[in-house]
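This report refers to the structure that appears directly beneath it.
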Amino acid sequence: MELYIGGYAQGKLTYVLKKTGIPPERVYDPVASVPDCAETGAAVINHFHILVKALLKEGKSPEDRVREILARNPGVIVISDEVGNGIVPTDAGEREYRERLGRILCGLAEKADRVERIVCGIGQKIK
Amino acid sequence: MMVLITGGSGSGKSAYAEKTAVSLAGKGPLYYLATMKVYDGEGRKKVDRHRNLRAGKGFLTIEQPTGILLAVSQMNRGKGTVLLECLSNLVANEMFASKKIRREKEVADQLCAELCSLAEHTEHLVIVTNNVFEDGIPYEETTRAYMEALGRVNAFIAARADAVTEVVVGIPVPIKGDLL
């Protein structure tokens with residue numbers, strides 16, 4: 001598994017697809033899902049943070065779901081926004097989301113074979 | 001040695017800061033300066049989580065939400081390594097503790113002086129701060145003043161620190177100096 005993180009609109013997906021040659025059909029995206037592309041079989045999960053947010057909203061455990069995805073798809077590439085670099089939100093749900101996503105990403109980074117942070121479209125390998 | 005550690009919420013900066021402080025301290029005294037004020041269950045949960053993280057590592061915890069130099073008299077194991085967590089709470093406490101909100105420059109100047117003085121009472125000072133600067137939201141005046149004060153203290157400490165490290169998804173990334 002590999003993890004690619006960075007801020008909004010940093011060109012993360014473009015960077016990953018260009019680097020790996022993975023076709024867009026194999027990208028699972030919770031925002032605009034490719035038909036028949038489930039996250040447990042996709043080569044790339046884009047907008048991973050949105051997936052975590054959606055699960056929290058549905059009252060499901062994102063930690064359990066992530067474990068399940070990794071068990072069935074150990075070679076997946078995960079792309080996520082970093083959302084923790086701001087003023088602590090006044091809304092408790094938003095605070096919970098930031099904290100949970102942060103911890104999940106730390107866990108993924110620990111397991112990942114490679115972690116890169118994308119800044120202005122440039123990949124900085126941090127693991 | 002002085003080390004500044006930054007990162008966002010849930011970035012793993014606390015765990016890394018503890019590891020750094022423990023390794024710097026060696027067999028010497030180890031203090032944890034807690035600056036967070038507990039207001040509710042969520043704050044309590046956060047404090048408990050940090051307490052569990054620190055358990056068994058030999059830290060003497062000193063709670064000092066304002067007036068950080070008052071902690072010096074409680075360091076009764078002698079001069080040692082201090083882990084201060086975190087600057088973002090300390091700035092907020094100093095700024096908003098009294099009825100009248102204090103000016104950002106006044107708060108920043110006071111903290112810069114106090115932290116310099118604190119450093120002189122330590123063998124090693126590890127300071128945790130928080131990256132609250134990159135969500136692009138145009139906050140109202142009070143929050144902007146807070147961000148300004150924290151930004152000033154961060155830059156002041158970073159200029160004097162031997163190492164500045166950003167923790168990203170649990171991974172330390174050197175900003176200044178080498179990783180410890």
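Odds and ends about this structure:
- Spin-label proximity, B:Tyr39 to segment B:124-161 - amide N less than 19 Å from point 7 Å beyond Cα toward beta carbon: B:130-133, B:139-150
- In chain B, the longest principal axis of the Cα atoms and the axis of helix B:87-96 are about 40 degrees apart.
- Segment A:1-101 gives an Rg/Rh value of 0.97, both radii derived from C-alpha positions and Rh following Kirkwood.
- Table column - 3J(HN,Hα) (Hz), segment B:142-150, Karplus curve with 6.51, -1.76, 1.60, x for Gly and Pro: 4, 5, 5, 5, 4, 4, 4, 4, 4
- Accessible solvent surface per residue of segment B:56-180, calculated while the other protein chains remain in place, 1.4 angstrom probe, Å²: 48 Å²
- Computed lengthening from B:Glu141 to B:Lys46, 0.36 nm per intervening residue step minus Cα-Cα distance: 31.4 nm
- Amide proton proximity set for A:Val78, modelled H, under 5 Å, gap of 5+: A:Glu2, A:Leu3, A:Tyr4, A:Ile45
- Taking the C-alpha atoms only, the angle from helix B:104-120 to the longest principal axis of chain B is near 10 degrees.
- GNM on chain A, alpha-carbon springs under 10 angstrom: the most fluctuating residue among A:Val76, A:Val34, A:Val44 is A:Val34.
- A loss of 50 Å² or more of accessible area (1.4 Å probe, protein heavy atoms, ligands and nucleic acids excluded) relative to the isolated chain is seen in these residues of segment A:65-96: A:Asn85, A:Ile87.
- For B:Met2, the residues 5 or more places off, or on other chains, whose built amide H falls under 5 Å of its own are B:Leu125, B:Asp162, B:Ala163.
- Cα long-axis angle, helix B:13-25 against chain B (0 to 90 degrees, to the nearest 10): 40 degrees
- Convex hull of alpha carbon positions in chain B: directionally averaged projected area 10.1 nm².
- Paramagnetic label zone (point 7 Å from Cα along Cα-to-C-beta, B:Ser23; backbone N under 18 Å) in segment B:38-71: B:54, B:57-59
- Residue among B:Tyr39, B:Tyr31, B:Tyr146 with the largest mean-square fluctuation in a Gaussian network model of chain B, springs linking Cα atoms under 10 Å: B:Tyr39
The values are calculated or read from the model by the stated rules, or taken from the named source; none is laboratory data. From a predicted model like this one, the values you see are computed outputs, not experimental measurements. Every residue, glycine among them, receives a Cβ derived from its backbone with ideal geometry; neighbour counts consider all protein chains shown. Note: areas computed on protein heavy atoms with side chains; ligands, DNA, RNA excluded. Shrake-Rupley method; radii C 1.70, N 1.55, O 1.52, S 1.80 Å.
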